[in-house]
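Notes for the one structure printed next.
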Amino acid sequence: EQLLSSEDTNNSIIEIDNYICELCEYGENIEKLTKSQTIIFFNQNLEREINNGGLNQYFCNSSGDFAHETIESLKIIGANKTANILQKAIDQFPEKLVPKDRDERVDLVEEIEENANVVWEELDEFFFKYEDDLTTLNLNFIKQNITDF
């Protein structure tokens, strides 16, 4: 409650994200999370990875395990523009399917990245415009589902 009432919303979402990451051992035990916590976990993974190294990094790291689920988690909080960015990134994969297996996914990224990176880098720039205020949308979702946290 203290984090949700803080004026430093960026710090609040980081603290909540850290808590959720520790709770599920950084995705190793995602079943430990409530559905609402999982939604925030997926959304924060996307934002963290894109800010750190772009969509290529997102897909190559464990966060990419949940690419398709993240589309839905973004829509649930009302981040439809960001969901569209991620969908366009996913569309670069054959049959628009991101493999769950990380090794398989990394091999596939290496195969497609020459063409995909052109699209992904452009999508990274769209993401950085933050047309969806992810911090506010995530915090509002948490407030609406506070009992899950």
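Scale the Cα Rg of the chain by the rule-of-thumb value 2.2 N^0.38 Å and send over the ratio, two decimals.
1.02
Return the Rg/Rh value of the range 77-125, two decimal places, where both radii are evaluated on C-alpha atoms and Rh is the Kirkwood radius.
1.00
Please report the carbon-and-sulfur percent of the accessible area for the range 33-85; probe 1.4 Å, protein heavy atoms only, DNA, RNA and ligands left out.
47 percent
First select every other residue whose beta carbon is under 12 angstrom from the beta carbon of Ala83; then total the charges, Lys and Arg +1, Asp and Glu -1.
Summing Lys and Arg as +1 and Asp and Glu as -1 gives -1.
Enumerate lysine pairs in the chain that are 8 or more residues apart or on different chains, then count those whose Cα atoms are under 21 Å apart.
15
Tell me which of Ala116, Asn61, Asn145 sits at the most positive position along the dipole axis of the chain, charges placed on C-beta atoms (Lys, Arg +1; Asp, Glu -1).
Working it through, the farthest residue towards the positive pole turns out to be Asn145.
How long are the three semi-axes of the equivalent ellipsoid of the range 1-80, in whole Å, if each is the root of 5 times an eigenvalue of the C-alpha gyration tensor, listed from largest down?
Listed largest to smallest, the semi-axes of the range 1-80 are 20, 15, 13 Å.
With contacts defined as alpha carbon pairs under 8 Å and 6 or more residues apart, what's the relative contact order of the chain in percent?
28 percent
Add -39500 (n - 2.57) for each DSSP H run of 4 or more in the chain, then divide by its residues: what number comes out at 222 nm, to the nearest 500 deg cm²/dmol?
Only helices count here, giving -23000 deg cm²/dmol.
What accessible area per residue comes out for the range 1-128, rounded to a whole number of Å², with a 1.4 Å probe?
54 Å²
The values are calculated or read from the model by the stated rules, or taken from the named source; none is laboratory data. Computed from a predicted structure; not experimentally measured. So basically every Cβ, Gly included, is an ideal-geometry build from the backbone, and we count neighbours across all protein chains shown. The area values use the complete protein model at the heavy-atom level, side chains included, leaving out ligands, DNA and RNA. Shrake-Rupley method; radii C 1.70, N 1.55, O 1.52, S 1.80 Å.
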